[in-house]
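The structure under discussion appears below in the form of structure tokens.
The values are calculated or read from the model by the stated rules, or taken from the named source; none is laboratory data. None of these values were measured; they are calculated from a predicted model. So basically every Cβ, Gly included, is an ideal-geometry build from the backbone, and we count neighbours across all protein chains shown.
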Amino acid sequence: MDYVFLLDSDDRRRFLQLAGRVLGCSYICTWCPAANQLISMEGWHHEEDNNVPGSSSGIMSLRLFDAYRRSICSILRGCIPGLTFSSGFNYLEIKDADVMSLAALNEQRQFYQKAGIKTIMFLGSGKGEVELGMATPPNAGYRSKSGFMVYDRNLAQELEKSVSNKLGGGQKMIKAGIEILRRKDKASVLANTKNYLTSLKAQIKELEERNQMLEPMRQLIEEGIGESKEKVEVRIIRTAESAPEGSQFINFKLVIIVREQCEMMNLVVHLLECLKERGITNLVAMETSTASQAGAIFARINVGLQVKASDWDEESFTEAAKGAVNDVLHVDDNKGDDDRSLNIL
């Protein structure tokens with residue numbers, strides 16, 4: 001019966017409803033262990049199937065059933081429910097006077113009496129037990145004088161087969177329950193796989209972000225930028241998209257490396273002002289980044305530019321760009337000195 005407890009709440013309730021109808025039960029419910037107690041998780045009462053209000057006796061029986069299921073039963077008291085689970089029985093059938101004498105709770109005895117319960121069967125497993133109650137004996141072939149019978153696994157299987165054959169639909173009920181479990185298992189596998197893929201995507205995204213953060217450092221190392229001792233370095237690199245020979249324009253990339261901590265925004269603003277003063281307004285692309293190596297801080301600016309060949313003077317342009325950067329560093333140094341003076345005061 002373990003598979004019953006593996007179903008979710010809705011599927012387990014549908015299974016109990018189907019089993020109760022097929023087996024002709026007055027009620028059926030599950031009991032699950034919690035510490036040294038049993039708690040009823042789901043239940044079905046035959047009055048729940050009535051489309052119109054039943055008799056006052058039936059309504060009272062349903063109310064008492066709900067009160068019984070809301071109760072908490074001790075496993076250690078040697079009573080029902082709990083005796084099957086604590087004793088490790090696979091099947092336990094209780095009849096007649098033993099029904100009342102083994103009942104643990106007042107609400108339970110009131111319900112049994114009002115519903116006219118004559119026979120109670122408990123199907124045990126390692127995950128709990130299923131209680132089935134009937135107003136009439138389920139199978140006359142299993143009557144005994146004591147009215148209290150315990151079956152081992154083989155006898156329980158024989159009883160299950162006998163009841164299924166007698167009622168005709170018992171086997172279908174069992175197959176339906178197994179099919180529900182199989183569908184649930186497939187859904188669980190798919191859900192777990194989906195969660196795993198989502199986790200992998202998140203890890204891949206995190207690695208990509210870390211790679212993007214490390215990319216400037218990789219570029220600095222590959223280009224040997226960290227080896228120079230100059231505070232400001234300016235490079236002019238002709239790009240692969242340079243205009244053909246004889247064209248009026250030249251395409252190139254301006255690379256500026258600053259080996260000193262500075263305000264990147266001020267650096268960009270001064271550089272753009274320098275370009276504007278020299279009449280270079282065809283800005284193709286711009287990229288900025290910062291990195292550190294051996295305790296030193298590097299700022300890097302890549303600017304894609306296009307200029308007229310007739311106006312191009314690489315040497316003077318390089319000096320102008322370097323001068324703009326030095327102006328920014330000078331301003332930042334003065335600002336730092338002022339801040340330190342204020343702190344001293």
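The table below gives the values:
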| item | result |
| --- | --- |
| For M121: the one exception among (1) under 42 Å from the mean Cα position of the chain (by Cα); (2) modelled with pLDDT under 85; (3) within 14 Å of I28 (Cβ to Cβ) | (2) |
| Count of the range 20-41 residues which are under 36 Å from the mean Cα position of the chain (by Cα) and either on the phi > 0 side of the Ramachandran plot or buried (at least 21 other Cβ atoms within 10 Å of the Cβ) (or both) | 7 |
| For I204: the one exception among (1) modelled with pLDDT under 80; (2) surrounded by 10 or more Cβ atoms within 10 Å (Cβ to Cβ) | (1) |
| Flag for I59 being touching a helix residue (DSSP H, G or I) at 6+ places or on another chain (Cβ under 8 Å), in the same structural domain as H46 (by TED's automatic domain parsing) and under 16 Å from I28 (Cα atoms) | no |
| Exclusive hit being in a strand (DSSP E or B), in the same structural domain as D327 (by TED's automatic domain parsing), aromatic (F, W, Y) and modelled with pLDDT under 85, set F298, F252 | F298 |
